[in-house]
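This is the structure I have questions about; it appears just below.
The values are calculated or read from the model by the stated rules, or taken from the named source; none is laboratory data. Only a predicted model underlies this, so the values are computations on that prediction, with no experimental measurement involved. Every residue, glycine as well, gets a Cβ built from its backbone with ideal geometry; the counts of neighbours run over all protein chains shown.
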Amino acid sequence: MYRYDEFDQAFVRQRVAQFRDQVNRRLAGELSEDEFKPLRLMNGLYLQLHAYMLRVAIPYGVLSAAQLRQLAFIARRYDRGYGHFTTRQNIQYNWIRLDETVEILEALAEVEMHALQTSGNCIRNTTADPYAGVAADEIEDPRVWCEIIRQWSSLHPEFSFLPRKFKIAVSGAAQDRAAVKFHDIGLYLRRNAEGEVGFEVLVGGGQGRTPVVAETVRDFLPKRHLLSYLEAILRVYNLLGRRDNIYKARIKILVQSIGIAEFARLVEAEWAQMDGSSLDLPEEEVARIQAYFAPPDYPAAPEVDLAAQRRAEPAFDRWLAANVARHRVPGYAIVTLSLKPTGGIPGDATAEQMERVADLAERYGLGEIRTTHAQNLVLPDVRRADLQALWRELETAGLAAPNIGLAGDIIACPGLDYCSLANARSIPVAQDISRRLGDPERQRLLGPLQIKISGCINACGHHHAGHIGILGVDKRGEEFYQVTLGGSGEEDAAIGGILGRAFSAEEIGPAVEALVDTYLELRADEGEPFLQAYRRLGDAPFKEKLYGTA
């Protein structure tokens, strides 16, 4: 994984010292809240309902064991003993004291971490496939390009004050595990007819008030031109993006208003007149960064009869089926640790759990952990011979729920329990649905099912991309929940359609149960997943079940 160089270290420590002065001036009353707000946001510090919230950057979702232990220390010392992993692969602390924020940033800097560009109208944390570098279906490791984008975009003088926040995702695999099509810029690594690897470039995706699936602006871009082409896209957006209306400021609105063909023409024209060669990536620089992500020398892994272990322990069998993925190296596996125990808060991890995961990453892996946009953690390099022993340890830590990609693997934002923007609570709804659908056998019977919950239209819970999406709305001071069906955040990306009237907090859990019961009644066979069945059946049977009419 990438290690900060001298520039990174000096830069981060300078920013910490600068923020110390700003915090002291705020505490002394020399800065008003309005004056302080843009300064704190540049350092990832938000003011929420009850306290300050600090969002810490985890570039492309990669952590070392030492970094995770430091995050655990921060949770225990400065928060209430836990952190919340987000759909941007970052971590948030929801109970931060202003007078302790600089100490936290110093603690982060000790392990090459920071909170820069986790807020503001700038290029945010570039996200990636959490299986990057080890996925069996991967063309090329996207983390190299995420790191190049990180270095290029950090405090970029031209793109630090964009019309609105800006998000980029990169995937190098056949399966999209990074929700690429719901980003301002999405990049797929592709191989062309000549065998050259480059990028398919997509623009204008996003969720929130106006959900849009990104469209392809260039089918194939040679890798050496990546930064100059990104710069051309951002220049067009910076020039033409709206600054008079926060709700119409995202690049997706610009692309929609002028059309993808005209947007592509403007980008190509801008790119043609740029001195693109000055941004072409030198092969030696790419090689230098690639070296940080070179595959390790995997120790030989002994053979293991997993089939016999699975027959002997049905619970282990369920966990293997749901939480373990194929590794590109024989004898190894990719393991996803669920942060979604039945009835738990999606994405939350205690300090003790973080420390336990760090220990397990060193004992059963190679000391690396990944965060996912589905709010879980991944151990990317586990010997298959160690899977049963790891599973037993995870069970004692409350991290072995066998639900990845199933009904219990619910994505949910913090909602009205924490967020000043929310209209309704997300966490209690997620907990209720988890209890209703969390039985392992019931989840197995339901098969792949993505339930996603947002407490407001900003869609931090990605409800638009849920097979079943739930949106919290305010109706005359009461919390209600709107249901959408048919969304997907994968390579078949789609925006869920609103089913009908919203449900009260007491009604939404039974309504979701009725939806899954309808699916079980009407699916073609046990092998037809929920999304496929919905696309075949349409809204009518689900509307009839919930509302008595299609």
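Give Ala264, Ala287, Ala301 a once-over and let me know the one that is touching a Pro at 6+ places or on another chain (Cβ under 9 Å), surrounded by 10 or more Cβ atoms within 10 Å (Cβ to Cβ), not basic (Lys, Arg) and not assigned by TED's automatic domain parsing to the domain that holds Val329. Steps first, answer last, please.
Details: Ala264 fails: touching a Pro at 6+ places or on another chain (Cβ under 9 Å); Ala287 fails: touching a Pro at 6+ places or on another chain (Cβ under 9 Å).
Going through Ala264, Ala287, Ala301 in turn, the sole match is Ala301.
Still on this structure, please answer the following. So which residues in the range 1-38 are within 29 Å of the chain's Cα centre (by Cα), in a helix (DSSP H, G or I) and closer than 23 Å to Glu112 by Cβ, if there are any at all? Steps first, answer last, please.
Kept after step one, since they are within 29 Å of the chain's Cα centre (by Cα), are these residues of the range 1-38: 1-16, 19, 36-38.
Filter once more, so that each one left must be in a helix (DSSP H, G or I): 6-16, 19, 36-38.
Hits for the range 1-38 are Glu6, Phe7, Asp8, Gln9, Ala10, Phe11, Val12, Arg13, Gln14, Arg15, Val16, Phe19.
Next up: Being farther than 23 Å from Phe293 by Cβ, touching a Lys or Arg at 6+ places or on another chain (Cβ under 7 Å) and outside the structural domain of Ala494 (by TED's automatic domain parsing) is true for just one of Val213, Val236. Which residue is that?
On the way: Val236 fails: touching a Lys or Arg at 6+ places or on another chain (Cβ under 7 Å).
Going through Val213, Val236 in turn, the sole match is Val213.
Looking only at the range 476-487, how many residues end up being out of contact with any helix residue (DSSP H, G or I) (no Cβ under 6 Å at 6 or more places or on another chain), surrounded by 13 or more Cβ atoms within 10 Å (Cβ to Cβ) and either among the charged types (D, E, K, R) or closer than 24 Å to Thr127 by Cβ (or both)? Reasoning before the result, please.
Looking only at the range 476-487, we keep the residues that are out of contact with any helix residue (DSSP H, G or I) (no Cβ under 6 Å at 6 or more places or on another chain), and these are 476-478, 480, 482-484.
Within this subset, residues satisfying the condition of being surrounded by 13 or more Cβ atoms within 10 Å (Cβ to Cβ) are 480, 482-484.
Filter again for either among the charged types (D, E, K, R) or closer than 24 Å to Thr127 by Cβ (or both), leaving 484.
Qualifying residue count, the range 476-487: 1.
Let me ask something additional. Among the residues in the range 128-150, are any buried (at least 24 other Cβ atoms within 10 Å of the Cβ), in a helix (DSSP H, G or I) and of a type in the set (D, E, K, R)?
Yes, there is a match, as at least one residue in the range 128-150 is buried (at least 24 other Cβ atoms within 10 Å of the Cβ), in a helix (DSSP H, G or I) and of a type in the set (D, E, K, R).
Quick one: which of Asn423, Asn458 is in contact (Cβ under 8 Å) with a residue 12 or more places away in the chain and surrounded by 17 or more Cβ atoms within 10 Å (Cβ to Cβ)?
On the way: Asn458 fails: surrounded by 17 or more Cβ atoms within 10 Å (Cβ to Cβ).
When all the criteria are applied, what remains is Asn423.
Let me ask something additional. Give me a count of the residues in the range 376-387 that are in a helix (DSSP H, G or I) and either among the charged types (D, E, K, R) or buried (at least 18 other Cβ atoms within 10 Å of the Cβ) (or both). Step through it out loud before you land on a result.
Looking only at the range 376-387, we keep the residues that are in a helix (DSSP H, G or I), and these are 384-387.
Next, from what is left, pick out any that are either among the charged types (D, E, K, R) or buried (at least 18 other Cβ atoms within 10 Å of the Cβ) (or both): 384, 386-387.
Residues that pass the stated criteria total 3.
Yes or no: the range 98-107 includes at least one residue that is among the hydrophobic types (A, V, I, L, M, F, W, C), in contact with a His (Cβ under 8 Å, 6 or more places away or on another chain) and over 21 Å from Ala51 (Cβ atoms). Can you show your working first?
Taking the range 98-107 and keeping what is among the hydrophobic types (A, V, I, L, M, F, W, C), we get 98, 102, 104-105, 107.
Of the ones still in play, those that are also in contact with a His (Cβ under 8 Å, 6 or more places away or on another chain) are 105.
Filter once more, keeping what is over 21 Å from Ala51 (Cβ atoms): none.
No, that holds for no residue.
Can you name the condition, by its number, that Ile251 falls short on among (1) of a type in the set (A, V, I, L, M); (2) over 28 Å from the mean Cα position of the chain (by Cα); (3) at pLDDT 95 or above; (4) surrounded by 14 or more Cβ atoms within 10 Å (Cβ to Cβ)?
(2)
Being surrounded by fewer than 20 Cβ atoms within 10 Å (Cβ to Cβ), of a type in the set (A, V, I, L, M, F, W, C) and either under 22 Å from Thr372 (Cα atoms) or touching a residue at least 24 places away in the same chain (Cβ under 8 Å) (or both) is the requirement here; does Val201 meet it?
Judged against the criteria, Val201 is not a match.
Among the numbered criteria (1) closer than 15 Å to Met113 by Cβ; (2) touching a residue at least 60 places away in the same chain (Cβ under 8 Å), which one does Tyr93 miss?
Among (1) closer than 15 Å to Met113 by Cβ; (2) touching a residue at least 60 places away in the same chain (Cβ under 8 Å), the lone unmet condition for Tyr93 is (2).
Working carefully through the options Val378, Val429, find the one that is touching a residue at least 40 places away in the same chain (Cβ under 8 Å), within 23 Å of Asp297 (Cα to Cα) and in contact with a strand residue (DSSP E or B) (Cβ under 7 Å, 6 or more places away or on another chain).
Step by step, each of Val378, Val429 is checked, and only Val378 is touching a residue at least 40 places away in the same chain (Cβ under 8 Å), within 23 Å of Asp297 (Cα to Cα) and in contact with a strand residue (DSSP E or B) (Cβ under 7 Å, 6 or more places away or on another chain).
Of Thr118, Thr87, which residue is part of a loop (DSSP other than H, G, I, E, B), under 21 Å from Ser338 (Cα atoms) and touching a residue at least 24 places away in the same chain (Cβ under 8 Å)?
Numbers: Thr118 fails: under 21 Å from Ser338 (Cα atoms).
Thr87 is the lone residue from the list that is part of a loop (DSSP other than H, G, I, E, B), under 21 Å from Ser338 (Cα atoms) and touching a residue at least 24 places away in the same chain (Cβ under 8 Å).
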